[in-house]
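FYI, it's all coordinate maths here, none of it is from the lab. What you are looking at is a predicted structure, and each value in this text was computed from that prediction instead of being measured. Every residue, glycine among them, receives a Cβ derived from its backbone with ideal geometry; neighbour counts consider all protein chains shown.
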Amino acid sequence: MKTLKLTIGKFLAALCIFQFCTGGVQAQTKKGVDRPKLVVGIVVDQMRWDYLYKFSDRYTDNGFKRLVGEGFSFENCMIDYLPSFTAIGHSTVYTGSVPSIHGIAGNTFIDQRTGLMRYCSEDPNVKSVGSNSPEDKAGKMSPFNLKATTVTDELKLATNFQSKVVGVAMKDRGSILPAGHVADAAYWFDGKSGNWITSTWYTKDLPQWVKDYNAKKMPDKYLKQDWNTLFPIDTYTLSVNDNNNYEAGFKGLDKPLFPIKTSELIEKNGYELIGATPYGNTISLEMAKLAIENEKMGQGQFTDFLALSLSSPDKIGHNFSINSIKVEDCYLRLDREIADFLSYLDKTVGKGEYLVFLTADHGGGHNGKFLQDHNLPGGFFIFWEEDKKMNAHLQTIFGYNDLVLGLGNYQVNFNYKRIKETGVDMEKLKAESIKYLNGIEGMNYVVDMNKISEATIPARIKEMIVKGYNRNLSGEIQFILNPGVYDFDYPDPRLGGTHGTWSPFDTHIPFVLMGWGIQHGSSNKEVYMTDIAPTVAALLHIQMPSGCIGKPALNTK
């Protein structure tokens, strides 16, 4: 009997340890399904996984450290498709799906049937609400192009549309795509008017609280404060010297050195300027708090969902590159603002009553010249230059120009209308295009998507290509550059930084859960961006999204 008791005791102890290590949660009560009052999804645009730790010596105890210290961190969460861009990332986080299925094949993509360029969230059938004119393109946006449901949609369905869902982000795509098709609201920032706006997909008029916030002209207030470092500039030892040759800067500023006089740059750069400063995060978090307060989120019978995306880290990374003091300062400030936001949730919703997850839509790579200057492999592939050269080469072979529309999204987008007019043999054209691309310096793999099963490329990369390929919206030929080589044209192809490749610096992202039902812990097992939505769905005991191919990363019962 004594032996039996010891055996049972050991079994129960082992079971507890297993649940702790796998992040098991207790999600059922005697009253029925137990759910948090509020779910907050935080997507930090261009946040590499290592940013959780790189600057942690100067993080506070209540921001990123609290998320990791109290929550459960998946240390090896990877993006499992190509290309790694913003619109796809936000769509994938919330659908658990990939471009092949959910239909968001890039920030922009070419409709292969018409040859027309499309923007991910454009919708000519809606009008702008809150901007200077209903016809402003900035507001003619909706989730129409997203062809799968989101976890936010599924929450609405599970509660007969009684849960409240709101999206907030400076970028329209960062607000609209996560909030889903049946959101109560999605708000994004209009750089022309300086207002937070929406579209008639959601409402005919802005709520009074949004109008009141717009009337305060907060972008003016923050930009007039200028941007200086949070700490003495000589203490930013994890970044390159402020005076370097890798940063782009702003219009009207020859050299982007601290302190940056944003107060003097508003006229030439417009309100878009605020997005490339930490103040973009500030106004986004202010809007998030106002949405919770005024929409009474987390105060009702049903679970509500705030989909928040912080866009400024991406714009700062693009403008100044990931090794800049600007990026380091951005994350030191963001850490404090996240701490403040979590404290706000503690007070308004209740500690332990909300579930928050932190992730990113993609990471970011080093500036190509920075890599070269340090004898590291890397470089540039400038699409708009290369597609001109490619078209010129193909003209010498086939006798016709403009056979290729462009090389966007690391794909060859053919001009099918022109090819049909000229009678050029498509198979010969593809073969010559592949031959040409293989001759370019920095090229690693080139694959005909109709023959990808025959391609001699690593299985992991092949799978990422297949998941990212949408036959109606993606080019027939996919090419992969050498690690560290990338395309960029914002605002100068050799200044700043970007993302979009298969490499870990672009595809290794944070995924941290904290709050309601989450036991502290971490795991190095490989999980994927597509696992985030089904994990949240499992925690809420709702159906996973309609196009979901991921699986829950946590064990629940």
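Under 13 Å of direct C-alpha separation, and excluding same-chain neighbours fewer than eight residues apart, K54 reaches these aspartates and glutamates: E328, D329, D335. When the trypsin sites (Lys or Arg not before Pro) in the range 79-161 are filtered for DSSP coil states and for at most 12 other beta-carbon atoms within 10 Å of their beta-carbon, the remaining sites are R113. Only Cα pairs under 8 Å and 6+ residues apart enter the sum, and on that basis the relative contact order of the chain stands at 30 percent. Across the cross-link table entries K289/K347; K216/K351; K211/K261; K140/K388; K428/K451; K268/K289, which are compared at the Cα atoms, the separations over 22 Å belong to K216/K351; K211/K261; K140/K388; K268/K289. Of the peptides 319-327, 172-180, the order by per-residue mean of other Cβ atoms within 10 Å, starting with the highest, comes out as 172-180, 319-327.
So what does log10 I(q)/I(0) come out to for the chain at q = 0.06, 0.09, 0.11 Å⁻¹, using the Debye formula with one equal point on every Cα and no solvent? Values, matching the q order: -0.30, -0.68, -1.01.
Computed about the Cα centre, the dipole magnitude for the chain is approximately 1520 debye when only Lys and Arg (+1) and Asp and Glu (-1) carry charge, each at its Cβ.
Once the piece of chain linking T237 and L116 is laid out straight, how much longer is it, given 0.36 nm per residue of separation minus the C-alpha distance between them? That works out to 38.9 nm of additional length. At a Cα cut-off below 12 Å, give the aspartates and glutamates reachable from K389, other chains included and same-chain residues fewer than 8 away excluded. Within the straight-line limit of under 12 Å, K389 reaches these aspartates and glutamates: D402. Computed from label points 7 Å out along Cα-Cβ, the spacing between R336 and D492 is 3.2 nm. Stretched out straight at 0.36 nm per residue, the stretch from N524 to D220 would grow longer than its current Cα-Cα span by 105.0 nm.
Backbone geometry of the range 193-210 corresponds, through the Karplus equation with coefficients 6.51, -1.76 and 1.60 at θ = phi - 60°, to 3J(HN,Hα) couplings of 8, x, 9, 7, 10, 8, 9, 6, 4, 9, 6, 8, 8, 5, x, 4, 5, 6 Hz, x marking Gly and Pro.
For the range 150-227 and the range 71-120, what is the separation of their Cα centres, given in Å? When both Cα centres are located, 21 Å separates them.
What whole-number value in cubic angstrom gives the convex hull volume per residue for the C-alpha atoms of the range 59-100?
106
Among L554, G249, G191, pick out the residue whose Cα is farthest towards the positive end of the charge dipole of the chain, where Lys and Arg carry +1 and Asp and Glu carry -1 on C-beta, about the Cα centre. Of the candidates, L554 comes out farthest on the positive side. Across all C-alpha atoms in the range 476-557, the radius of gyration and Dmax reach 17.5, 52 Å.
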